[in-house]
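**Student:** First the structure, then my questions, so here it is.
The values are calculated or read from the model by the stated rules, or taken from the named source; none is laboratory data. What you are looking at is a predicted structure, and each value in this text was computed from that prediction instead of being measured. Backbone-built Cβ (ideal geometry, glycine too); neighbour counts: all protein chains shown. The accessibility values were calculated without ligands, DNA or RNA, using every heavy atom of the protein model including side chains. Shrake-Rupley method; radii C 1.70, N 1.55, O 1.52, S 1.80 Å.
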Amino acid sequence: PSGIHYDAGSGNLYATEISAGRLKQVDARTGETTGWVGAIGGFVSGITRTLGCGSNSIGVTSGWCLGAMFHPSFFTANGWPLAPTGAGGFMYSPAGVTSDGTFLYVTDYSQHRVNRFRLSDGAYRGWIGGISGTATTGPATASDSATCTNAANRFTPGWCVGGLPVNSTGNGYLTNPTAITFASGNLYVVDQGSHRVSSYNANTGAFNGWIGRVSSATGISPATVTKSGLVLTNGWSTGGTATASSCGSDPGGGFCFNNGRGGIASDGVKLYVANTQNSRVDVFNLATGVFEKAAPTHPGVYTNVWSTTPNYGNNLGPASLVFSNGHLYYTVVNGTTLVGKMNATTGTVVGWRGGIGTSPAGPVSIPDCVGATGVTPSWCQGGSAVQGLLLGNSNNIGGFAAPYGITADNHFVYISDENTHRITRYEK
């Protein structure tokens with residue numbers, strides 16, 4: 001599992017499997033898988049197929065499916081991964097997932113687009129991104145009025161089906177998108193390959209603008225700002241092109257994701273971005289896109305607070321992020337592997353959880369942490385984390401190897417770990 005999202009309305013977890021090319025639906029109470037969507041490579045003998053599995057041995061699910069085997073590797077003649085002609089919903093490298101209570105939105109890292117599925121039944125409802133081949137209009141709904149035909153070499157004018165995606169730096173295009181979140185009617189996407197965050201109207205699929213460091217300001221609006229020699233967007237912008245910030249020494253407003261996936265979350269007022277190679281969480285005004293402040297995620301310092309002039313180096317940066325009940329929960333993959341907890345009001349790290357390398361020292365209010373071994377018994381301070389062992393070794397259950405996704409409900413945080421092929425949960 002890679003990306004993970006808890007949907008409060010359904011009570012389900014939705015987890016992407018980046019290597020299997022599918023999205024799973026899991027009952028958060030029981031942990032039972034109740035269906036998946038993606039490409040089908042065959043059927044499991046003796047298991048009754050559900051309605052969404054279809055009837056062909058090779059194809060794409062039409063809804064939540066059980067009883068079939070995944071198949072993420074369909075290819076067209078030109079080498080692009082794509083589902084069979086006329087079939088929607090194929091994913092090659094699904095990374096991030098979010099929902100608005102009606103639809104699920106899934107980023108496809110390798111196909112440079114965002115896919116949409118109806119949450120209730122798993123039905124495919126189109127995609128947005130750059131088109132390199134003719135697409136057709138999406139399924140008929142109030143939000144699918146845009147015409148997608150003859151749209152080659154431009155951004156989709158709405159939720160479309162068919163056609164081939166392409167990456168680019170133009171308005172609305174995506175290059176290796178990873179994390180995604182929904183807030184106030186819009187989608188916010190970490191465009192990792194372009195080192196920017198892009199915003200889209202969730203209903204229509206229209207592009208709202210992007211934020212980040214500016215490579216070229218040609219045609220950009222609104223006007224840029226300059227901080228410590230870096231040219232940055234001054235809110236949600238159109239035109240221009242983005243580039244990576246000065247990794248480890250960015251004054252605030254630019255992103256350096258590199259190989260880190262980058263996470264994104266919102267409380268409905270602020271937008272929080274896991275700025276991986278800058279080792280911090282950045283805060284932007286959700287409505288305007290203006291940078292406000294940042295705080296480091298290094299779990300060895302528990303006195304840091306939000307700063308308007310951050311400079312934290314490039315070690316132990318966050319890979320994924322979720323906001324819940326006044327706190328930010330984040331995962332760290334580079335340098336070590338752990339889950340951290342930050343006070344969203346102050347920006348101060350509360351503690352960490354995971355496999356223990358050096359025993360934690362406290363805090364004093366959590367005496368069980370002092371001298372603990374194996375895995376942390378609570379949110380601990382001090383000590384150091386160690387990479388978790390692979391699935392099947394009971395000595396370090398609760399540790400992590402590559403935790404690239406995190407989500408939360410009212411009681412638990414759920415962490416998806418790619419290299420141990422499991423989802424772990426901790427009490428908040």
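**Student:** So what's Rg/Rh here for the range 5-49, counting alpha carbon atoms and using the Kirkwood radius for Rh?
**Tutor:** Expressed as Rg/Rh, it is 1.02.
**Student:** Still on this structure, I have one more. If you plug each phi of the range 156-162 into the Karplus form 6.51 cos²θ - 1.76 cosθ + 1.60 with θ = phi - 60°, what whole-Hz ³J(HN,Hα) values come out, in order, with x for Gly and Pro?
**Tutor:** Values per residue, Gly and Pro as x: 4, x, x, 6, 10, 10, x Hz.
**Student:** Using only the Cα atoms, work out Rg/Rh for the range 270-362, with Rh taken as the Kirkwood radius, to two decimals.
**Tutor:** That ratio is 0.95, to two decimals.
**Student:** Which percent of the accessible heavy-atom area of the chain goes to carbon and sulfur, probe 1.4 angstrom?
**Tutor:** Carbon and sulfur atoms account for 50 percent of the accessible area of the chain.
**Student:** Pick from Ser245, Ser110, Ser378: which residue has the top mean-square fluctuation in a GNM of the chain where Cα pairs under 10 Å get a spring?
**Tutor:** In the Gaussian network model the winner is Ser378.
**Student:** So who's got an amide H within less than 5 Å of the one on Ile40, skipping anything under 5 residues away but keeping other chains? H placed 1.01 Å off N, in plane.
**Tutor:** It is Gly59, Val60, Thr61, His71, by chain and number.
**Student:** To continue, here is another question. Taking amide hydrogens as modeled 1.01 Å from N in the peptide plane, which residues meet the under 5 Å criterion relative to Gly162, leaving out close sequence neighbours?
**Tutor:** It is Thr136, by chain and number.
**Student:** Here is a follow-up. All other residues with a Cβ under 15 Å from the Cβ of Glu292 taken together, and with Lys, Arg as +1 and Asp, Glu as -1, what is their net charge?
**Tutor:** +1
**Student:** To continue, here is another question. Given 0.36 nm per residue, what is the gain on full extension from Thr34 to Thr226 after removing their alpha carbon distance, in nm?
**Tutor:** Length gained between Thr34 and Thr226: 64.1 nm.
**Student:** For the chain, set up a GNM with springs between Cα atoms under 10 Å and report which of Thr238, Thr331, Thr34 has the largest fluctuation.
**Tutor:** Of the options given, Thr34 has the highest mean-square fluctuation.
**Student:** For the pairs Lys24/Lys341; Lys227/Lys293; Lys270/Lys293, note any where the Cα-Cα span goes beyond 22 Å.
**Tutor:** Lys24/Lys341
**Student:** Next up: Inverting the mean 1/r over all pairs of different Cα atoms, compute the Kirkwood radius of the range 295-345 and quote it in Å.
**Tutor:** It is 11.5 Å.
**Student:** Turning to a different aspect of this structure: Accessible area per residue for the range 284-355 in Å², computed with a 1.4 Å probe and the full protein assembly in place, what is it?
**Tutor:** Heavy-atom SASA per residue in the range 284-355 reads 33 Å².
**Student:** Could you estimate the translational diffusion coefficient of the range 218-284 from the Stokes-Einstein equation, with Rh from the Kirkwood formula over C-alpha pairs, at 4 °C and 1.567 mPa s, in whole µm²/s?
**Tutor:** In µm²/s, the coefficient rounds to 102.
**Student:** Rounded if a/c is under 1.5, else prolate if a/b beats b/c, else oblate: with a ≥ b ≥ c from the C-alpha gyration tensor eigenvalues square-rooted, which is the chain?
**Tutor:** Since a/c reaches 1.5 but b/c is at least a/b, the shape of the chain is classed as oblate.
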